[in-house]
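Report on the structure given below.
The values are calculated or read from the model by the stated rules, or taken from the named source; none is laboratory data. Predicted, not measured: the structure shown is a model, and the values here were computed from it. Cβ sites come from the backbone with ideal geometry, for glycine too, and all protein chains shown count toward neighbours. When the accessible area is computed, the model is the full protein with side chains, heavy atoms only, and any ligands, DNA or RNA have been set aside. Shrake-Rupley method; radii C 1.70, N 1.55, O 1.52, S 1.80 Å.
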Amino acid sequence: MLRVAVLASGRGSNLEALLEASRQGNAGYRIVGVFSDKPQAGALDIARAAGIPAVALAATKGEDRAKHDAAFFARVRQVQPDLIVCAGYMRIISADALAHLTIPMINIHPSLLPRYPGLHTHARVLEAGDTEHGSSVHVVTAELDAGPLLAQTRIDVRHDDTPDTLAARVLTQEHRLLPACVRAIASRRLSVTGSAPLFDGVPLTAPLRLLESTGELTR
Ligand code: GRF
């Protein structure tokens, strides 16, 4: 069983999707801890209700980022995860903390990276007049939302879309994409430990996508 620690700052719908998928017989992973920088995060309530250790470590004003991250990741390490999943973790992690981390970490982001790293992705897609939008899962590196891409989902942008309607459609896909990525890592089809991600032993040349029929990843 792959031991997964989840980092979340918000309501936790991606955590919920991960939890639900982990309860399927062949998921191959278990969520062993949920960690947040926001004590009020809904994700913590979801974890507690599921009997999973939930830890909040808020940064205090003026606190050194690297120092806070060191304390935060010391708590994460206590649950001995094999994989860390950022599921709506909105805090920028210091390069120093990432350099000291030997556990692979992935993140889900609501855009077709490398387009629109950072915040307000749905509004930015509409402003740019894009016809396509989506979500991405990538390996976390020191550069914000810019680590190696693992998988993406795509939707068409409709003429009457608003940031909210786009967010809702993208989120529905996030809830399938993130568990699929964690399952693939658990089954070792997807490897994120080396210098470049591998799928079935072969380097990725493009992000994987979801196979509609099975909900599994494919090239
Ligand atoms: C998701 O859209 C995620 O991609 C982004 O923040 C949102 C988190 O939603 N980084 P939730 O807390 O999982 O419901």
Of the residues in the stretch 3-48, those that are open to solvent by 30 Å² or more (accessible area, probe 1.4 Å) and not in a loop (DSSP other than H, G, I, E, B) come to R3, E16, E20, R30, D45, I46, R48
For residues that are over 22 Å from L15 (Cα atoms) and either of a type in the set (D, E) or out of contact with any strand residue (DSSP E or B) (no Cβ under 6 Å at 6 or more places or on another chain) (or both), tally how many sit in the stretch 109-145. 14
Quick one: T172 ticks every box in (1) hydroxyl-bearing (S, T, Y); (2) under 27 Å from G12 (Cβ atoms); (3) over 18 Å from the mean Cα position of the chain (by Cα) except a single one, so which number is it? (3)
Assess whether I108 counts as being in a strand (DSSP E or B), within 18 Å of T141 (Cβ to Cβ), out of contact with any His (no Cβ under 7 Å at 6 or more places or on another chain) and more than 13 Å from the ligand (Cβ to nearest atom). no
Have a look at T121, T214, T172, T218 and point out the one that is open to solvent by less than 50 Å² (accessible area, probe 1.4 Å) and under 26 Å from I31 (Cα atoms). T218
Filter result (in contact with an Asp or Glu (Cβ under 8 Å, 6 or more places away or on another chain), away from the ligand (no atom under 16 Å from the Cβ) and of a type in the set (V, I, T)) within the stretch 147-203: V157
Identify, from the list A87, A70, A97, A66, the residue that is within 15 Å of the ligand (Cβ to nearest atom), touching a residue at least 12 places away in the same chain (Cβ under 8 Å) and not assigned by TED's automatic domain parsing to the domain that holds P179. A87
Of those in the stretch 133-161 that are free of Cβ contacts under 8 Å to residues at least 40 places away in the same chain and exposed (fewer than 15 other Cβ atoms within 10 Å of the Cβ), the residue nearest to the chain's Cα centre (by Cα) is E143
